[in-house]
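What follows is a set of notes on a single structure, which appears directly below.
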Amino acid sequence: MGTQTAVVYAEPGRAEVREVPLPSLDVRPAPGVLPRRCDHGVIIRTLATGVCGSDQHTLHGPGAAPGMVLGHELTGIVTEVGRDVERVSVGDVCSVPFNVACGRCANCRSGLTSHCLSVNPARPGGTYGMGEGFGGWCGLQAEFALVPYADFNLYVLPDADQAGERLLDVALLGDVLPTGYHAALNARVRPGSTVYIAGAGPVGLACAAACRLLGAAAVLIGDFNTERLAHARTVGFEPVDLSRGDLADAVAEITGRRHVDAGIDCVGASASGLDGEGTPPAAAFNDVVSVVGPGGAVAVPGVYPGGGAPLGVRLGGIWSKALTVTSGATPARRYQDELARAVLLGGFDAGKIVGATAVPLAQAGDAYARFAAGAGRKFILVP
Ligand code: NAD
Ligand code: ZN
Ligand code: ZN
């Protein structure tokens, strides 16, 4: 069996580039599932594969095994199709949604591809490159990758040449664009809405971009990272430096009211310590809740750990204002067609807004370290 270059988990907090075996349709793709040839899968040659905040959770979490291939954001060209694949052909340029989904279970049939019942023996929902707890599916930050259930999972881009020209926009269709858009829809953003987004990382910026698509009147983004806040300003959003003063004062200064219509937590459990000693893991969420007005909606794409660890959520703030809260992993495939049209036909320059920046796959270790240090960029690895 031949080898290829891939990004692997090396040790807690560190990713590195190594040679790993090429993927094959002949072997079962994940432990515990599919103990047979993957005839419903395809092999994809990578054109672009993103580095995500979620990869940082994998690098620091308990689920990664040394040598495991990382990554879950892939755009590439199909090079081999399994015997049972009907609507994807060799040469197609595809975006891979980050959720692994079978397309056959009750949850997939209802559109909840984020919680497929067949691809992870541990619990509903599977993802590439996050270890056994997410189904053990091989990561996508490699020269080639296997994608199962290809007919159901893949979004085939309408024009391969156009996709190549817009690669840094198209590369966002697998995760951050659907995630930002799903959150904006769940937060009931509409024309004229005022929105507060916690976190100016790629997910926060993608969400801000989605809010703009949906007609929001003012999109405020809060963070402590001045490089990211400066970038948010250059692409037309209202930055809020959380190290300076009161959030409601900042909201009032920009919108004329002390509350917003919609709030979105694009941070998740705070492990950075950026906001000081003694802050609860739910600090960003609590900020969002504090500035959303009565009857408003809060969406939470940021990841919070399952299990019993106390997060310090101020439930009273939610109850007293009758807020609606939605959360969880995004069913990314649901939104890819419309977002691709917004990018390819509608001039939606998502890559520029998110700060998408191409980096050679061989320099992935450096890109991971710069991202972890808070660079105001979304790194897209290119073989
Ligand atoms: P990131 O780590 O690059 O961005 C997070 C940002 O939040 C950083 O800029 C950080 O400085 C800032 N921050 C920290 N504490 C803050 C606070 N209290 N208030 C405001 N900002 C604060 O990560 P990312 O790639 O943008 O992803 C964001 C989150 O979304 C992560 O938890 C990631 O795992 C998650 N995510 C979820 C989904 C989903 O399907 N729900 C998909 C992709 C990513
Ligand atoms: Zn991601
Ligand atoms: Zn399923």
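Residues SER24, SER110, ordered by accessible area of protein heavy atoms at a 1.4 angstrom probe radius and largest first, appear as SER110, SER24. Accessible area of VAL313 (1.4 Å probe, protein heavy atoms only, ligands and nucleic acids ignored): about 70 Å². Ordered by solvent-accessible area of protein heavy atoms (1.4 Å probe), largest first, the residues LYS378, LYS352, LYS321 come out as LYS352, LYS321, LYS378. Each Cα pair under 8 Å and six or more residues apart adds its separation to the average, and for the chain the resulting relative contact order is 18 percent.
Could you check the spin-label model distance between TRP319 and ASP366? Points 7 Å from the Cα along Cα→Cβ, value in nm. Here the modelled spin labels are 5.4 nm apart.
A 1.4 Å probe, protein heavy atoms only, puts the accessible area of HIS115 near 60 Å².
Local charge for ARG104 was computed over the other residues whose Cβ lies under 15 Å away, with Lys and Arg +1 and Asp and Glu -1, and equals -2. Remark: the chain carries a charge dipole of roughly 740 debye about the Cα centre, counting +1 on each Lys and Arg Cβ and -1 on each Asp and Glu Cβ.
Going by amide H atoms built from the backbone, whose H comes under 5 Å of the H on GLY222, apart from near neighbours? Those lying under 5 Å, H to H, from GLY222 are ILE197, ALA198, GLY199, VAL240. VAL288 contributes about 0 Å² of solvent-accessible surface, heavy atoms of the protein only, 1.4 Å probe.
Between the amide H of VAL325 and those of VAL298, distances stay under 5 Å, these residues lying 5 or more places away or on another chain, with hydrogens modeled in the peptide plane. For TRP137, nonlocal amide neighbours, meaning residues 5 or more places apart or on other chains whose placed amide H falls under 5 Å from its own, are THR127, GLY129, MET130, GLY131. Farthest toward the positive end of the dipole of the chain, out of ALA6, VAL51, THR279, is the Cα of THR279, where the dipole comes from beta carbon charges about the Cα centre.
Here the contact order of region 62-144, divided by its residue count and restricted to Cα pairs under 8 Å and six or more residues apart, works out to 31 percent.
The values are calculated or read from the model by the stated rules, or taken from the named source; none is laboratory data. The structure displayed is predicted, hence computed values, not measured ones. Please note: Cβ atoms are built from the backbone with ideal geometry, for glycine as well, and neighbour counts cover all protein chains shown. Quick note on the areas: whole protein, heavy atoms, side chains included, nothing else; ligands and nucleic acids left out. Shrake-Rupley method; radii C 1.70, N 1.55, O 1.52, S 1.80 Å.
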